[in-house]
Amino acid sequence: MNTTISPQVPAEGRTAITVAALLATYLQAVNISLPNAALPHIQGSLSMGNDEVGWVFSAYIVASVVVLPMTNWLAGRYGRKTIFQLALALFAIGMTLNTFATTSIQFVAARILQGAASGPVAPLSIAILLEVVSPARHARTNLGFTLCFLLGISSGPSIGGWLSEYYGWRSISYACLAPVAFIFAVMALFLPEKKAEHNRPFDFFGLLSFSLGMVGLQMFLDRSERLDWFASAEIWAEGVSSILGFYLFIVHVATSKTHFLNSALFRDRNLIVSTVMSFALGFVLLPTLALTSPMLEELLDYPVDTTGYMTLPRGMMLVGTVIVMSMIPSRFDNRPFVILGSALIVYANWQMLGYSPLMDQWAVAKAGLFQGAGLGILIPALAKVAFATLDPQFRPEGGALLNISRLYGSTLGISVVQLFFYNNTQAMHLALAKGLTPHHAAAHIPETLTAPILAGLNGMVTHQAATVAVIDQFKILMFAMAVVSPLALLLRPSSFQK
């Protein structure tokens, strides 16, 4: 463990630092989903293709996850305050570049910078919070941190939809600049610097090889459909890079005594099971938003602000359930809650299979309520059972592993549902339109079908095919959660907690 110089935080600045750290956590999370409901405006302004939409989310998340494991080393080497303020400054630059983007590539590049800058914000925020409050309030502080993060992800679509509808999509970045300036000023005035006396070497090779594998896989999934799979040299390069990265990482873990994820973590059954289930949870958490908003806006013709509002029941139920879960005494066995949360998520996605062009807003709200409740139960329950048998000295790294798995689950989930959506749309279009020709129609319709009429019918078929394809993607999310749910039976009871 690092030995650190821990200066006293001034009493007059503790409240301001607490507010600023929680606000930073919220901003880091809200920017993940903020563009969600605003996508129609962003696509129209930047001529962004439908297959590029997933990049808006994955670029931010992947860049954040790559930088996140380096946070402790960077803070120990260069100073916690320095890294936090540098991250905020780069975050603001990324948001500003978003507003100047005129092409989809420029916008995604700005999102990469913004995501990379956001990586250190959450871990440094919770470290600062736990230092400025008394130990007796650590549990409440951890809850506040979790709620700010979840509230950020949940409220992003509604805020982004409202801002983009009335003030233009670029306003979603302008609106974040003032809070970032406030956080920067508070930390500059009140937060003392803190460095490590003996900073442990960081495993850059392990992180780079793992990141190469994950980024290569992400690019492979995102670009394959556009470039016709293995007919493209780029796809071959990305596939080989992913395999090579994972191979080097596995060999490194097996042969090296020290790496950025301690090998002791992989010997704890509860943590491994919780990590796998957290990956599946992430696979559902953000992809549901990534599918729901385009479905409501493009297929059902809802305004973008209304689309944002329709995500609120899910977010409110998620935050409310997390608060209720925090009131359950620690002596309770959390395995039943893991099973209940998983079952509610599966049931919610089953409800989504009933979506149709004829449904009203209640159908979306009801499915969102069930999914929010399931997520709100499962997230804290998994965190508790993951640490029930883990040595306390490994809990910070265990928490980072859970977060990384959930974030990578989200970004890979978005890529997978986008990929299957376009494949399914094409397949359904072929199935529905195979008889849509003048010769077939002549047998049933007396007058001749002109080209404009056929074009109109083709548009209707495309619309129906896209609707069926979107609903099919909810089936993938449902199966992803259903497949990992039985793993809850492998969890040890909480009586093992140390």
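The values are calculated or read from the model by the stated rules, or taken from the named source; none is laboratory data. Predicted model only: the values in this text are computed from it and were never measured. Neighbour counts are summed over all protein chains in view; Cβ atoms, including those assigned to glycine, are modelled from backbone coordinates with ideal geometry. The accessibility values were calculated without ligands, DNA or RNA, using every heavy atom of the protein model including side chains. Shrake-Rupley method; radii C 1.70, N 1.55, O 1.52, S 1.80 Å.
Counting alpha carbon pairs within less than 8 Å and at least 6 residues apart, what relative contact order, in whole percent, applies to region 11-202? Relative contact order for region 11-202 comes out at 43 percent.
Accessible-area rank, largest first, for Ser330, Ser263: Ser330, Ser263, with all protein chains present and a 1.4 angstrom probe.
A compact globular protein would have a Cα radius of gyration near 2.2 N^0.38 Å; the ratio found for region 114-257 is 1.45.
Shown are Lys194, Lys475, whose ranking by accessible area with a 1.4 Å probe and every protein chain present, most to least, is Lys475, Lys194. Thr102 contributes about 90 Å² of solvent-accessible surface, heavy atoms of the protein only, 1.4 Å probe. For the pair Ala365 and Ser47 in one chain, pulling the backbone fully straight at 0.36 nm per residue adds 111.4 nm over the alpha carbon distance.
Residues whose amide H comes within less than 5 Å of that of Arg492, counting only those at least five positions distant or on another chain, are Asn270 (H built at 1.01 Å from N in the peptide plane). Hey, got a sec? Which chymotrypsin sites (Phe, Trp or Tyr not before Pro) in region 62-109 land in a DSSP loop and have at most 12 other Cβ atoms within 10 Å? Here no loop site has a sparse enough neighbourhood. Solvent-accessible area of Thr255, all protein chains in place: 110 Å² (probe radius 1.4 Å, heavy atoms, ligands and nucleic acids excluded). Residues Ile243, Ile323, ordered by accessible area of protein heavy atoms at a 1.4 angstrom probe radius and largest first, appear as Ile243, Ile323.
Label-to-label distance for Leu353 and Ala175 is 3.6 nm, based on points extended 7 Å past Cα in the beta-carbon direction.
Taking the Cα centre of region 116-266 as reference, the dipole from Cβ charges on Lys and Arg (+1) and Asp and Glu (-1) amounts to some 520 debye. For the pair region 156-194 / region 198-257, the C-alpha centres are spaced 33 Å from each other. Spin-label model, Thr255 to Leu312: label points 7 Å out along the Cα-to-beta-carbon direction sit 5.7 nm apart.
Could you tell me which of Thr258, Leu271, Val240 has its Cα farthest along the dipole of region 164-305 towards the positive end, charges placed at Cβ (Lys, Arg +1; Asp, Glu -1), taken about the Cα centre? It is Thr258. At the residue level, Asp222 shows approximately 20 square angstrom of accessible surface with a 1.4 angstrom probe and all protein chains present.
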